[in-house]
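First up is the structure itself, then whatever we jot down about it.
The values are calculated or read from the model by the stated rules, or taken from the named source; none is laboratory data. What you see is a predicted model; the values in this text were computed from it and never measured. When we count neighbours, we look across all protein chains shown, and the Cβ atoms used for this are built from the backbone with ideal geometry, even at glycine. What goes into the accessible areas is simple: the full protein's heavy atoms, side chains included, and nothing from ligands, DNA or RNA. Shrake-Rupley method; radii C 1.70, N 1.55, O 1.52, S 1.80 Å.
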Amino acid sequence: MTAARRADRTVYLRSHPLLFALLAATRHRPVLRLGRTVLIHHPDAYREVLTRVPLDRTAERTTGGTAARLTGGSLLFDQQGAEHRTARRELTALLGPAGVAALRPVWERVLDRHLGGLDRPVDLVPAVRELAGATAAALTGSDAPPVRLALAAERAAAATARAHLPALLPRPGGARRARTAADRLSGLLPDPRDAMLAVAAVNTTLAALPRAVAWCARERLWDLARDDAPALAAELLRRTAASPVLPRAAAADATVLGHRVRRGDRLLLVARHAAEAQHDTPTHPHATLAPFGLGPHTCPGAALARAQLATLLSTLAPHRPRALRTTPHPGSALPSYRTCVIGPPRD
């Protein structure tokens, strides 16, 4: 195991140790039923669920269901039928090539201010937090300070994650804290229905970008970053799998790789394993796409994430920084760093 992979693995183990111990122990089973929960590991099973199995967007302990109960709004993640399709089309247009191009100056200004000449150690996490908050503000029309918006989205995500992920001990008052955090985030947005958009934009960015840069620095991939940053960005997003598990629920009986799925079953789609993130060289044709879902359930923000990471890698490539210190964030919703200090290369 390389130093980069070993360091990145600790992020998973610190964020949700029980969950990831379970996933590691069962990853050789393509589909595994544990009571009314079905673990989906294999890329083909993952693809079948996301393209053929009807999913209940408002079920308990799913992303959409949790969001609906915490905000009381009609959100992208819990909408049904025509409403959902219309919202996805609007968001896809907002985050399509033209939309990403329009947003690019937002994050470029942040990177220029924070990274500059990179002649001293810099903690990448605050820079990425501001980048994520500025992007979320632009997407939602919020006039809140970017860092304040990002912190609110982080806290809301961390609180709500506890509603649908297993834990060693019960967390009294967790639902109340989650509602409070969601209310604070909604208060920063012109339209509270954009809360989940802000949560997704901020937390995915914070989980993905610092970890990808640390991996690049530890593996000394800066020549690749200089020559083809978009390709390297896609590969690093596959290896780090920022959203490693997608909690969903079956809305109808189905069969997945010969395994029966019943209506109401809770589905844990292990995007990390579908992306073959545990391997340096993927073997499945859908592996690179898997971190962002597949088919009608592809994340509309995939192109934005790839573009932001490619810009960050291109910005850093001439400086060839080292990863000086990384600290996992045990309280984050997604496997993330609390600090990621990079600095000039050795002479």
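Only a single criterion out of (1) at pLDDT below 95; (2) part of a helix (DSSP H, G or I); (3) surrounded by fewer than 24 Cβ atoms within 10 Å (Cβ to Cβ) is not satisfied by residue 201, namely (3).
When 189, 185 are checked against the criterion of being open to solvent by 10 Å² or more (accessible area, probe 1.4 Å) and out of contact with any strand residue (DSSP E or B) (no Cβ under 9 Å at 6 or more places or on another chain), 189 stands alone in meeting it. For residue 313, the stated conditions do not hold, so it cannot be described as within 20 Å of the chain's Cα centre (by Cα), closer than 29 Å to residue 42 by Cβ and of a type in the set (A, V, I, L, M, F, W, C). Of the helices (runs of 4 or more DSSP H) that lie entirely inside the stretch 205-310, those containing 3 or more residues that are open to solvent by 20 Å² or more (accessible area, probe 1.4 Å) span 222-227, 229-240. If you go through the stretch 183-198 and keep only what is assigned to a loop (DSSP other than H, G, I, E, B) and under 22 Å from residue 332 (Cα atoms), you end up with 187, 188, 189. In the stretch 311-328, what residues are over 17 Å from residue 220 (Cβ atoms) and either open to solvent by 60 Å² or more (accessible area, probe 1.4 Å) or part of a loop (DSSP other than H, G, I, E, B) (or both)? Residue satisfying the conditions is 325 alone. Only one entry of 43, 105, 54 meets the criterion of being more than 30 Å from residue 285 (Cβ to Cβ) and modelled with pLDDT of 90 or more, and that entry is 105. Hey, can you tell me all the residues within the stretch 120-136 that are part of a helix (DSSP H, G or I) and either open to solvent by less than 10 Å² (accessible area, probe 1.4 Å) or in contact (Cβ under 8 Å) with a residue 40 or more places away in the chain (or both)? Listed by number, the residues that qualify are 124, 125, 127, 128, 129, 131, 132, 133, 135, 136. Kindly establish whether residue 159 is buried (at least 20 other Cβ atoms within 10 Å of the Cβ), modelled with pLDDT of 95 or more and over 26 Å from residue 320 (Cα atoms). In short, no.
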